[in-house]
Amino acid sequence: MPFAENDGVALHYEAVGSGPTVAFLNEVGYGAWLWGWQHAALAGPFEALVLDPRGTGRSDAPPGPYAVETLADDLEAVLREHGARRAHLVGAGLGGMVALDYARRYGRARSLVLLGTALDGGSVDAEALDAMGGRGPRSLSPCLSPDFVERQREVVEGIRSWRETDDAAPEARAAQAAAMLAFECDAPYEVTAPALVLHGADDPVVPPAAGEALAEALPRGRFQALPGRHLAFVEASRPANDAIVGFLESVE
């Protein structure tokens, strides 16, 4: 079971497949289950690396506060330990912010795929983000459309089960949420890697306009809307995967 270490914090990660490395970066509080819809599509032509951010899964959960910059330093520790010279970064919400900060400060980022992400935490609806941290049906309302929940009941039950075992504890989730809300990318022009911004058309957590502004601010950014809410890449996984794989192949 591979681990890396940053400033005494043990960070668990796993990598499968061959080819260029793609590192997946989680949304606030969510475990590695979040990437179940993308992992199989990428592990093969690419090496899919999933890490548990501090406070989540098998990684250590030091007391807060956390910061996006610290989470980006954690990512560097993982990629360095794994021996990945370059990596494509796929991040959702907070994970997208981590990707932005990492790409600005480190030289390993080959490209960015940013899902439901904004340039700053001021664009995030704090009430909707807080609702996502619950465990009842309301917690998935900002993430998945009612139609998807109704049609895909087995999938939704699976998500609820995975969350119970894999998600961050309340204290660590609160520290991650605070890091997201405090983030500000004040120099997006320094993020020069190719970037694909995918955003749910009905996202109540990060408004689609914030995703469009993010793509416009990045020198090599491109925006694409997906049907769905904050986890549009789950409920519209096929078009999301087509977009991600096509983008990564074009970069390669």
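General remarks:
- Once the chain from Arg135 to Arg160 is taken as fully extended at 0.36 nm per residue, the excess over their C-alpha distance is 8.3 nm.
- By the equivalent-ellipsoid construction on the alpha carbon gyration tensor, the chain comes out with semi-axes of 23, 21, 19 Å, ordered largest to smallest.
- Surface analysis of region 175-234 yields an accessible area of 39 Å² per residue, using protein heavy atoms and a 1.4 Å probe.
- Extending 7 Å from the Cα toward the beta-carbon at both Thr192 and Glu216 defines two label points whose distance is 2.4 nm.
- Histogrammed with a bin width of 5 Å, the alpha carbon distances of region 118-252 distribute as 2, 10, 16, 20, 20, 17, 10, 4, 0 percent, first bin at zero.
- Region 157-252 - percent relative contact order, Cα under 8 Å, separation 6 or more: 23 percent
- Counting only Cβ charges, +1 for Lys and Arg and -1 for Asp and Glu, the dipole size of region 1-119 around its Cα centre is about 420 debye.
- Relative contact order %, the chain, counting alpha carbon pairs below 8 Å whose residues are six or more apart: 22 percent
- Global geometry of region 56-204, whether rounded, prolate or oblate, following the gyration tensor of its Cα atoms and the 1.5 cut on a/c: prolate
- The length gained on full extension between Arg238 and Glu81, counted as 0.36 nm times the residue separation minus their Cα-Cα distance, comes to 53.3 nm.
- Scanning the chain for long hydrophobic helices, with DSSP H runs required to stretch 15 angstrom or more by C-alpha along their axis and to average at least -0.5 on the Kyte-Doolittle scale, returns 68-82, 94-105, 170-182, 237-251.
- Cα-only Debye scattering, region 1-120: base-10 log of I(q)/I(0) at q = 0.09, 0.15, 0.17, 0.19 Å⁻¹: -0.20, -0.57, -0.76, -0.97
- Per-atom-type breakdown for the chain gives carbon and sulfur 48% of the accessible area (1.4 Å probe, protein chains only).
The values are calculated or read from the model by the stated rules, or taken from the named source; none is laboratory data. The model shown is predicted, which means the values in this text are computed figures rather than measured ones. When we count neighbours, we look across all protein chains shown, and the Cβ atoms used for this are built from the backbone with ideal geometry, even at glycine. Quick note on the areas: whole protein, heavy atoms, side chains included, nothing else; ligands and nucleic acids left out. Shrake-Rupley method; radii C 1.70, N 1.55, O 1.52, S 1.80 Å.
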